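Read through the structure below, which is laid out as structure tokens, and then see the notes.
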Amino acid sequence: MRRLGVGSTGSGDRPLRAQIVVALVVVAMLIAVPLYLWRRPGTKLTTTAPSASASALSGPLALPRPSAELAASSPALERVKLGPVQKVKCGSSPAAAPNEGSLCDTLGFFEEALKKAIRETEDCAPRQKATGSINYVMTVDFPRKKLHVYPGASGEWRGKQARRATSCVTRAIKVPDWGAIQHQYRFYALAVLATYATPGVTPVPSGSPGLPSFD
């Protein structure tokens, strides 16, 4: 009571005034603390504000491309479809080549080179209104270091236009390193059936062609 300035000899209203002051301070604290906690900025608001501004700076959202644009960006349909490589025959010479099929070893270099050349020279093939095919026959002569491509009898297209296409394929094949290619026989004949479609139509290769004629 002495510290509050109220003595025992003073008037009786001084203790009551001191109690009122203490009570008002306590009430003010009880009101101020909840208000401070309620009005305090939360972490969620401070973190979401930058993300909103960042999205605004990044520009408009990307819209899905129209179907026409997707179709334009997709690769064009291939005009030519190739069948499997056929091992027509192999042996010591063109006249003495009794083996065929699995009896002939694989010439990976020439098989891949033939297929690659056919795809690269598809513009040399005839352009007809209907789907057609050319059976490309490649002969490989190791002793003479010579290869030749011509149209076999199993293809639907033969004659001058087919021979023009096979000439383009022959020129497109790079000169091989004959000494570096492993082989069991001295002469080989391979064949690949190429099916060409009209513009806008995807060709479907037919089944394995029969053995082409060497006449």
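A short reminder: the numbers here are calculations on the coordinates, not readings from a lab. The shown structure was predicted, so the numbers you read here are calculated from the model rather than taken from an experiment. Ideal geometry is used to build each Cβ from the backbone, glycine not excepted, and the neighbour counts take in all protein chains shown.
Only bridges whose two residues both fall in the stretch 76-196 count here: according to DSSP, what percent of them are antiparallel, nearest 5? Intermediate values should be presented prior to the final figure.
Details: 25 of 25 bridges.
Close to 100 percent.
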Only Lys, Arg, Asp and Glu count, each charged at its Cβ (+1, +1, -1, -1), so figure out the dipole size of the stretch 77-122 about its Cα centre, rounded to 20 debye. 100 debye
Going fewest to most other Cβ atoms within 10 Å around each Cβ, Ile134, Ile20 line up as Ile20, Ile134
Give, rounded to the nearest 20 debye, the magnitude of the charge dipole that the stretch 76-196 has about its Cα centre when Lys and Arg contribute +1 at Cβ and Asp and Glu contribute -1 at Cβ. 440 debye
Length-normalised contact order of the stretch 138-186, Cα under 8 Å, at least 6 apart, in percent, tallies to 35 percent
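At 0.36 nm per residue, minus the direct Cα-Cα distance, what do Val25 and Arg158 gain on full extension? Give it in nm, one decimal, please.
Working: separation 133, 0.36 × 133 = 47.88 nm, distance 11.08 nm.
So the extension gain works out to 36.8 nm.
Peptides 123-130, 153-160: what's the order by average Cβ count within 10 Å, highest mean first?
Working: 123-130: 12.9, 153-160: 15.1.
By packing density, highest mean first, the sequence is 153-160, 123-130.
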